[in-house]
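Each reported figure results from applying straightforward, stated rules to the coordinates on display, with no laboratory input. Please read these numbers as outputs of a predicted model, since none were measured by experiment. Don't worry about glycine lacking a Cβ; one is built from the backbone with ideal geometry, like all the others, and counts go over all protein chains shown.
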Amino acid sequence: SQQGEEDPQALSIQEGENATMNCSYKTSINNLQWYRQNSGRGLVHLILIRSNEREKHSGRLRVTLDTSKKSSSLLITASRAADTASYFCATAPNRDDKIIFGKGTRLHILP
Amino acid sequence: IAGITQAPTSQILAAGRRMTLRCTQDMRHNAMYWYRQDLGLGLRLIHYSNTAGTTGKGEVPDGYSVSRANTDDFPLTLASAVPSQTSVYFCASSDSGGPQYFGPGTRLTVL
């Protein structure tokens, strides 16, 4: 059962530009998480935003959450070649430990 | 051991054979998970365990079984492998409600 869906499915930008990825979900959530996956590797947790938070920052990452629209965005500023990866949002519908992943956005940073 | 490990890294298996994928974490996380990742389908939860001694079914549990005899280990068994189980398998662990930490994955091919 798909909860979060990322948009776009794929994104190519020039190095130095900002990259924005969006995630929409269907039901109420306890928190929403963003993960990064480099090719052939496991997922790495980037940031967790709780349902009562609207914005969170971590280094060059900025995540927003709009629970009224059931959507979140991940902004990567001043992109670098090393940011090339797939990015997944994952939603926790309640305090239950199980989270549901979207299908991801493939981000390609062009030199 | 630092973090979460999986074994084997990759495996080619004949259909009908039994296979156990191993997962071990040293972070004392209470929750552990098994996912499969297929192109175009994202990550799908197979089984999970909220604490040692308990397990639960995820989105795609058929053909798989798990056990959680202790906090650290969470093996995934394919009793009789079929070609549709060809996939990349990821194990993850977390504290309740927290971010998940992923292993490096096992690439399984069933012929």
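Results, tabulated for the structure shown:
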| read-out | value |
| --- | --- |
| Qualifying positions in region B:2-23 - among the β-branched types (V, I, T) and either at positive phi or within 12 Å of the chain's Cα centre (by Cα) (or both) | B:I4, B:T5, B:T20 |
| Residue list for region A:68-81, restricted to those being surrounded by 13 or more Cβ atoms within 10 Å (Cβ to Cβ) and either part of a loop (DSSP other than H, G, I, E, B) or within 12 Å of chain B (Cβ to nearest Cβ) (or both) | A:K70, A:T77, A:S79 |
| Residue in region B:24-38 that is surrounded by the fewest Cβ atoms within 10 Å (Cβ to Cβ), counting only those that are under 12 Å from the mean Cα position of the chain (by Cα) and within 11 Å of chain A (Cβ to nearest Cβ) | B:Q37 |
| Those residues of region B:88-111 which are closer than 25 Å to B:R17 by Cβ and either away from every other protein chain (no Cβ under 14 Å) or in contact (Cβ under 8 Å) with a residue 60 or more places away in the chain (or both), in sequence order | B:Y89, B:F90, B:C91, B:G103, B:P104, B:G105, B:T106, B:R107, B:L108, B:T109, B:V110, B:L111 |
| Test set (1) out of contact with any strand residue (DSSP E or B) (no Cβ under 7 Å at 6 or more places or on another chain); (2) more than 16 Å from B:L78 (Cα to Cα); (3) without any contact (Cβ under 8 Å) to a residue 40 or more places away in the chain - B:G42 fails condition number | (1) |
| Within region A:19-44, considering residues that are within 10 Å of the chain's Cα centre (by Cα) and within 17 Å of B:G3 (Cβ to Cβ), the one farthest from the other protein chains (Cβ to nearest Cβ) | A:R36 |
| Number of positions in region A:24-44 that are outside any loop (DSSP other than H, G, I, E, B) and either farther than 19 Å from B:D95 by Cα or of a type in the set (D, E) (or both) | 3 |
| Selected residue (criterion: nearest to A:I99 (Cα to Cα)) from residues of region A:45-67 that are more than 14 Å from chain B (Cβ to nearest Cβ) and not in a loop (DSSP other than H, G, I, E, B) | A:L65 |
| Conditions (1) within 25 Å of B:C91 (Cβ to Cβ); (2) more than 14 Å from chain B (Cβ to nearest Cβ); (3) of a type in the set (S, T, N, Q); number of the one not met by A:N94 | (2) |
| Failed criterion for A:G16 (all others in (1) out of contact with any helix residue (DSSP H, G or I) (no Cβ under 8 Å at 6 or more places or on another chain); (2) in contact (Cβ under 8 Å) with a residue 24 or more places away in the chain; (3) part of a strand (DSSP E or B) hold) | (3) |
